[in-house]
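Chemist: Could you have a look at this structure, given as structure tokens, before my questions?
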Amino acid sequence: MEKTFDLAGGSVRDLNQFLHTGLAQSSVSRVEVANPNGAHSIAVGVDHPVDIQVRGHGGYYVGGMNKQATITVHGNVGWGVAENMMSGLVRVKGFASESAGASGHGGTLVVEGDASLRCGISMKGIDIVVGGSVGNYSAFMAQAGHLVICGDAGEGLGDSLYEAVIYVRGRIRSLGADAQEEPMTDADYLKVDELLKRAGFSHNPTEFKRVASARQLYHWNADADQEY
Amino acid sequence: MNKPLEHAVHAPKRVSREESAGFDRRTIDYIQNAAAHGLYEIRGLGAKRRVPHFDDLVFLGASVTRYPLEGYREKCHTKTVLGTRFAKKPVELAIPITFAGMSFGSLSARVKEALGRAASELGTSTTTGDGGMTQEERRSSKTLVYQCLPSRYGFNPDDLRKADAIEVVVGQGAKPGGGGMLLGQKINPRVAKMRTLPEGIDQRSACRHPDWTGPDDLVIKIQELREITDWQVPIYVKVGATRVYNDVKLAVHAGADVVVVDGMQGGTAATQTAFIEHVGIPTLAALRQAVEALEEMDMRGKVQLVISGGIRTGADVAKALAMGADAVSVGQGALFAMGCNHDSYWQDGAWHSAEAGYEQLGTAPGFCHHCHTGRCPVGITTQDPLLELRLDPARGAAHLKNYFKTMNMELTTLARACGKSNVHHLEREDLVALTLEAAAMAKLPLAGTNWIPGAGGL
Ligand code: SF4
């Protein structure tokens, strides 16, 4: 069954309240969100395998802390789309603003267009696939998970990286502290292939390079002049 | 020829001990330590230098014009409600003294359990700290505040919905502008897993939130947290004391139910000494600025104020409340109550000396600030499976309970002496300052005068 929330008249509060409490008891499997008009906090904190279609642009934190739900935004989104996501899938058909997928613990975020600054900051296990390019300082302090960039990456990619791995198809303007380019292994090709398929992109995995942590910042070292 | 004076020849050899004010022994030690290691000192606890504090204030007590209450008999209420502005379920506490946020990682799970047990018996709250919510703490603590920190370690919607309140941490009094640190010795497998980090690394937590930057974003972030939790629980905003007046106004504007202000004496488990001693303003000054900000916005009593940073005694609590706080948070005091810096620890029904443990750290009971090492001699700030046994959760909880009960009794004693049947009725008019600095910072008259330095000008 399908249910529609028209945000031109209704409120985000009613939408989220239904997704949190009404949904589980209902037979609704698909929720349509009409006229989102850039509203913030659309479909946040969902914990149910439901298909949510947002028909327009979203504001900040669309799909924040998502678990299980599949959320598709037919437009652009503001800051922190799918922030702290645990599981499920968030797909942005357009562009994403800053901090897309910030501190995500799991699930998949697909941005079909470009993502702005700090995409994947502090990510903790989420997989992010960006069809276009990402802005500066992406994957800053990223701890776990994968960030696939089909376009180019800005300045300071992967600064202070922990164990997250970044794959880039295009040009990297510069790498951040402790991030280094590494040779692709068979496991990397398989991973990129799997992530591209999940996202619905048809690039050849051999076009990607791997960026990961050099692990030189993992321990204090006075002689290395680390400016902590 | 000059002969030495008779008494000079026979006097014992003179040892010159003229100490320099600028290059005193502490400074010499600092320089030689820096020269030897090429790395600044990282340590635990809070600022050690003397700053104007609640000790510099006294209560006026009752007089001909003020009628006191009977100290031991007449009721004096301590009930405290936090988060009445927007939350459907405000936090109700039996006393205005809460446990400050301290992380699992910096503290052992057993200590978190002790804190939770004590808080539940006292009717007050504990706060998670960086590093996520442990089930030990959730199980034992009736009222648990869940922090949303820049690192977002272990942060997840299930725990968020289990929380009784959410605290967005912007900063901490010990290090406003700095992120957390947890050295490798403390990143054991469980801590590493909760934080999604490799075991044993020297970890730095982020100092900025990943998904918002300024006051306008904070409005939206708070709204998101409310949406996720269906507007049920209060949202606190915690700031380290720096530009308190502005920060409190911005937090209120952003929609906070409660503002927590942590002064420079606030503790930490691991921070650079330079940071601890040289960034932030004293709790006393911070509290007055916070109260002024709330008053100017006509938000006193609507947005509650929690103050922390060096709160030690019932007198400190009473003075904080009189100056306008609704509650206080205690961190370091709780550690001392559980035996921090004690010369011995209690294990298997007997006392054991902890002196060797302090010696290994290059310190002694009374001087220890070595929480960052993870080798706590009394088993509090450690993740070592043997050391942590030195703290028995039941005994730790009993000590915490005694300490908080004592403070609460002191608080009501002082309130009754000022003629108040409710500790929240204590007021600024009940206080005067003993020093010029305290008078100026707290904007209270210097004792015996009507003079408030700076009032009317500046
Ligand atoms: S005794 Fe333990 S808790 Fe206290 S300062 Fe030393 S290491 Fe820290």
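Every number in this text was worked out from the coordinates using simple rules, so none of it is lab data. Note that the structure is predicted; figures quoted are calculated from it, not measured. Here Cβ is always computed from backbone atoms with ideal geometry, including for glycine, and neighbour counts include all displayed protein chains.
Chemist: Tell me, rounded to the nearest percent, the portion of alpha carbon pairs in segment B:55-112 spaced more than 13 Å apart.
Modeler: 78
Chemist: Through the Karplus equation 6.51 cos²θ - 1.76 cosθ + 1.60, θ set to phi - 60°, convert the phi angles of segment A:147-153 into ³J(HN,Hα) values in whole Hz; use x for Gly and Pro.
Modeler: Calculated HN-Hα couplings, in order: 10, 9, 10, 7, x, 9, 10 Hz.
Chemist: Fewest to most neighbouring Cβ within 10 Å: what's the order for B:Val378, A:Val50?
Modeler: A:Val50, B:Val378
Chemist: For helix A:186-199, what angle does its Cα long axis make with the longest principal axis of chain A, in degrees from 0 to 90 and rounded to 10?
Modeler: With both axes taken from Cα atoms, the answer is about 20 degrees.
Chemist: Follow-up. Using amide H atoms built in the peptide plane, which far-off residues or other-chain residues are under 5 Å from B:Val330 H to H?
Modeler: Under 5 Å from the amide H of B:Val330: B:Thr98, B:Phe99, B:Ala100.
Chemist: Can you flag which of B:Lys79/B:Lys142; A:Lys67/B:Lys221; B:Lys238/B:Lys401; A:Lys191/B:Lys221; A:Lys3/B:Lys302; B:Lys186/B:Lys238 are past 27 Å Cα-Cα?
Modeler: Among B:Lys79/B:Lys142; A:Lys67/B:Lys221; B:Lys238/B:Lys401; A:Lys191/B:Lys221; A:Lys3/B:Lys302; B:Lys186/B:Lys238, the Cα-Cα distance tops 27 Å for A:Lys191/B:Lys221; A:Lys3/B:Lys302.
Chemist: Next up: Return, ordered by residue number, the residues of segment B:415-434 whose backbone nitrogen is under 16 Å from a label point located 7 Å along Cα→Cβ of B:Lys75.
Modeler: B:416, B:420-425
Chemist: How high is the relative contact order of segment B:54-442, given as a whole-number percent (alpha carbon pairs under 8 Å, six or more residues apart)?
Modeler: For segment B:54-442, the relative contact order is 24 percent.
Chemist: If you don't mind, there's one more thing I want to ask. Starting from the amide H of B:His77, placed 1.01 Å from N in the peptide plane, find each other amide H under 5 Å away whose residue is 5 or more places distant or on another chain.
Modeler: The list, which skips near neighbours in sequence, is B:Asn422, B:Val423.
Chemist: Can you classify segment A:108-228 as rounded, prolate or oblate using the Cα gyration tensor, where a ≥ b ≥ c are the square roots of its eigenvalues, rounded means a/c under 1.5, and otherwise it's prolate if a/b beats b/c and oblate if not?
Modeler: Prolate shape, in that a/c is at least 1.5 and a/b is the bigger ratio.
Chemist: Let me confirm one metric for peptide B:200-210, namely the mean number of other chain beta-carbon atoms within 10 Å of its residues' beta-carbons.
Modeler: The mean count of partner-chain Cβ atoms within 10 Å per residue comes to 5.
Chemist: Additional query: Note down, for the protein assembly as shown, the three equivalent ellipsoid semi-axes (square root of 5 times each alpha carbon gyration tensor eigenvalue), biggest first, whole angstrom.
Modeler: 47, 33, 23
Chemist: May I ask for the equivalent-ellipsoid semi-axes of segment A:36-175, computed as the square root of five times each C-alpha gyration tensor eigenvalue and listed largest first in whole Å?
Modeler: Three semi-axes, in Å: 23, 15, 11.
Chemist: Classify segment A:18-62 as rounded, prolate or oblate, taking a ≥ b ≥ c as the square roots of the eigenvalues of its Cα gyration tensor: rounded when a/c is under 1.5, otherwise prolate if a/b is larger than b/c and oblate if not.
Modeler: Taking the square roots of the gyration eigenvalues as a ≥ b ≥ c, segment A:18-62 is prolate.
Chemist: What nm value, rounded to one decimal, do you get for the distance between B:Trp451 and B:Asn33 when each label is placed 7 Å out toward the C-beta?
Modeler: 4.0
Chemist: Can you compute the FRET efficiency between A:Ser26 and A:Gln216 using 1/(1 + (r/R0)^6), with r the Cβ-Cβ distance and R0 = 60 Å? Round to the nearest 0.05.
Modeler: Taking R0 as 60 Å, the efficiency between A:Ser26 and A:Gln216 is 0.70.
Chemist: For a Förster distance of 30 Å, can you work out the FRET efficiency between the beta-carbons of B:Lys89 and B:Val219, rounded to the nearest 0.05?
Modeler: Step by step, r from the Cβ atoms, then E = 0.85.
Chemist: To the nearest 0.05, how large is the calculated FRET efficiency for B:Glu296 and B:Trp351 if R₀ is 45 Å and r is the Cβ-Cβ distance?
Modeler: Details: r = 53 Å, r/R0 = 1.19.
The formula returns an efficiency of 0.25 here.
Chemist: Hey, what do the phi angles of segment A:62-74 turn into as Karplus ³J(HN,Hα) couplings, whole Hz, using 6.51/-1.76/1.60 and θ = phi - 60°, x for Gly and Pro?
Modeler: Result, rounded to whole Hz: 4, x, x, 6, 4, 10, 6, 6, 10, 10, 10, 10, 8.
Chemist: Additional query: Taking a ≥ b ≥ c as the square roots of the eigenvalues of the Cα gyration tensor of segment B:153-243, is the shape rounded (a/c under 1.5), prolate (a/b larger than b/c) or oblate?
Modeler: oblate
Chemist: Next up: Run through the DSSP bridge list for the protein assembly as shown and note the antiparallel percent, rounded to the nearest 5.
Modeler: Antiparallel bridges: around 25 percent, rounded to the nearest 5.
Chemist: Order by neighbour count: B:Lys249, B:Lys13, B:Lys405, fewest other Cβ atoms within 10 Å first, most last.
Modeler: B:Lys13, B:Lys405, B:Lys249
Chemist: Something else: For segment B:32-101, which GluC sites (Glu not before Pro) are both in a DSSP coil and crowded by at most 16 other Cβ atoms within 10 Å?
Modeler: Sparse-neighbourhood loop GluC sites (Glu not before Pro): B:Glu41, B:Glu70, B:Glu74.
Chemist: Further question on the same structure: Do me a favour and compute the ellipsoid semi-axes for segment A:152-220 from its Cα gyration tensor, root of five times each eigenvalue, largest one first, whole Å.
Modeler: On the way: eigenvalues 106, 36, 18 Å².
Computed over segment A:152-220, the values are 23, 13, 9 Å.
Chemist: Do the sum for the protein assembly as shown: with -39,500 (n - 2.57) for every DSSP H run of n ≥ 4, divided by all residues, what is the mean residue ellipticity at 222 nm, to the nearest 500 deg cm²/dmol?
Modeler: Working: 17 runs with 169 residues, N = 686.
It comes out at -7000 deg cm²/dmol, rounded to the nearest 500.
Chemist: Which aspartates and glutamates does A:Lys93 reach when only Cα atoms under 16 Å apart count, and residues fewer than 8 places away in its own chain are ignored?
Modeler: By straight Cα distance, A:Lys93 reaches A:Glu32, A:Asp51, A:Glu112, A:Asp114.
Chemist: Another question about this same structure. If neighbour count is taken as other Cβ atoms inside 10 Å, put B:Ser16, B:Ser308, B:Ser421 in order from fewest to most. Could the numbers behind the result be given before it?
Modeler: Values: B:Ser16 4, B:Ser308 31, B:Ser421 13.
Lowest to highest Cβ neighbour count: B:Ser16, B:Ser421, B:Ser308.
Chemist: What does the average come to when, for each residue of peptide B:149-161, you count the partner chain Cβ atoms lying within 10 Å of its Cβ?
Modeler: Shielding by partners across B:149-161 averages 5.
Chemist: Continuing with the same structure: From the backbone phi of segment B:354-360, what are the Karplus-calculated ³J(HN,Hα) couplings (6.51 cos²θ - 1.76 cosθ + 1.60, θ = phi - 60°) in whole Hz, Gly and Pro given as x?
Modeler: These are the phi-based 3J(HN,Hα) values: 9, 4, 4, x, 5, 4, 4 Hz.
Chemist: What is the set of long-range amide H partners of B:Gly129 at a cut-off below 5 Å, with H atoms built 1.01 Å from backbone N?
Modeler: B:Met102, B:Gln147
Chemist: Defining a contact as two alpha carbons under 8 Å apart and six or more residues distant in sequence, what relative contact order in percent does segment A:57-207 show?
Modeler: Relative contact order comes out at 13 percent.
Chemist: Calculate I(q)/I(0) for segment B:353-458 by the Debye formula, one identical point scatterer on each C-alpha and no solvent, and give its log10 at q = 0.18 Å⁻¹ to two decimals.
Modeler: Normalising to I(0) and taking log10 leaves -0.87.
Chemist: Can you quote the Å³ per residue value for the convex hull of the Cα atoms in segment B:98-194, rounded to an integer?
Modeler: It is 92 Å³ per residue.
Chemist: Sticking with this structure for a sec: Taking all pairs of distinct Cα atoms, average 1/r, flip it, and tell me the Kirkwood hydrodynamic radius of segment B:54-442 in Å to one decimal place.
Modeler: On the way: mean 1/r = 0.0475 Å⁻¹.
After inverting the pairwise mean of 1/r, the radius is 21.0 Å.
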